[in-house]
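The values are calculated or read from the model by the stated rules, or taken from the named source; none is laboratory data. These numbers were taken from a predicted model, which means no experiment stands behind them. Cβ atoms come from the backbone with ideal geometry, glycine included; neighbour counts cover every protein chain shown. Only protein heavy atoms, including side chains, enter the accessible area calculation; ligands, DNA and RNA are left aside. Shrake-Rupley method; radii C 1.70, N 1.55, O 1.52, S 1.80 Å.
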Amino acid sequence: GNLYTAKPYSNFILRLEFKVPPGGNNGLGIRSGVQGNPAYSAMELQVLDNEAPCYKNLKPYQYHGSVYGVAPAKRGFLRPAGEWNSQEVRAEGSHIQVILNGHTIVDTDLAKIEKPYMDGNEHPGLLNESGHIGFLGHGSPVAFRAIRIKELK
């Protein structure tokens, strides 16, 4: 299932470490409500072992770190399944930045992305100004640790 922060956040820096098992799949919801599918009602950042054979046909917006359906992440910086990774997410207004193991893999202004979105779907919550941070379980035993959130004023 999904696990959400008790309080909502607007602008923040989120730092955490995670590891995925072989073929592991999870998500990180930001500015999300606690109901609905955060990939559409908010935004979901992929947490995924995209090197697993079962994911050989992924679309660019489905790789680890991508804003699902909307903004693809640069590849090549995810450590092998079973190893710890360090990730930072910076959300300031419509500007979203994802840094994986010291490398910027997403740096985008969501307000400037033209429709239709890459996946062809509507994402009505993409520009939410505030919401919960969610660890979105997709059935894989993904581990998180050293979770820190700094609110930006």
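Just to check your reading of the model, which residue among Ala6, Ala81, Ala71 is buried (at least 21 other Cβ atoms within 10 Å of the Cβ) and either aliphatic (A, V, I, L, M) or modelled with pLDDT of 95 or more (or both)? Of the residues listed, the single one that is buried (at least 21 other Cβ atoms within 10 Å of the Cβ) and either aliphatic (A, V, I, L, M) or modelled with pLDDT of 95 or more (or both) is Ala71.
To keep it simple, each residue is scored yes or no on (1) modelled with pLDDT under 95; (2) of a type in the set (S, T, N, Q); (3) surrounded by 13 or more Cβ atoms within 10 Å (Cβ to Cβ); (4) over 16 Å from the mean Cα position of the chain (by Cα).
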{"site": "Gln87", "(1), (2), (3), (4)": "no, yes, yes, no"}
{"site": "Ile96", "(1), (2), (3), (4)": "no, no, yes, no"}
{"site": "Asp107", "(1), (2), (3), (4)": "no, no, yes, no"}
{"site": "Ala111", "(1), (2), (3), (4)": "no, no, no, yes"}
{"site": "Gly120", "(1), (2), (3), (4)": "no, no, no, yes"}
{"site": "His123", "(1), (2), (3), (4)": "no, no, yes, no"}
{"site": "Gly134", "(1), (2), (3), (4)": "no, no, yes, no"}
{"site": "Gly137", "(1), (2), (3), (4)": "yes, no, yes, no"}
{"site": "Ile147", "(1), (2), (3), (4)": "no, no, yes, no"}
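Of all residues in segment 60-115, those that are without any contact (Cβ under 8 Å) to a residue 12 or more places away in the chain and under 18 Å from Gly131 (Cα atoms) total 1. Sub-7 Å Cβ pairs linking a first residue in segment 137-152 that is of a type outside the set (Ser, Thr, Tyr) to a second residue that is loosely packed, with under 10 Cβ neighbours inside 10 Å, at least 6 apart or interchain, are Gly137/Gly1, ordered by first then second residue. Listed by position, the strands (runs of 3 or more DSSP E) contained in segment 50-124 that have at least 3 residues being under 20 Å from Ala143 (Cα atoms) are 85-92, 95-100.
When segment 9-35 is filtered for residues that are assigned to a loop (DSSP other than H, G, I, E, B) and either open to solvent by less than 60 Å² (accessible area, probe 1.4 Å) or under 20 Å from Arg145 (Cα atoms) (or both), the ones remaining, listed by number, are Ser10, Asn11, Val20, Pro21, Pro22, Gly23, Gly24, Gly33. Taking the numbered list (1) in contact with a Gly (Cβ under 9 Å, 6 or more places away or on another chain); (2) within 16 Å of Phe18 (Cβ to Cβ); (3) of a type outside the set (Asp, Glu) in turn, His123 passes all entries but (2).
Picking from residues in segment 36-57 that are surrounded by 15 or more Cβ atoms within 10 Å (Cβ to Cβ) and of a type in the set (A, V, I, L, M, F, W, C), the one that is farthest from the chain's Cα centre (by Cα) is Ala52.
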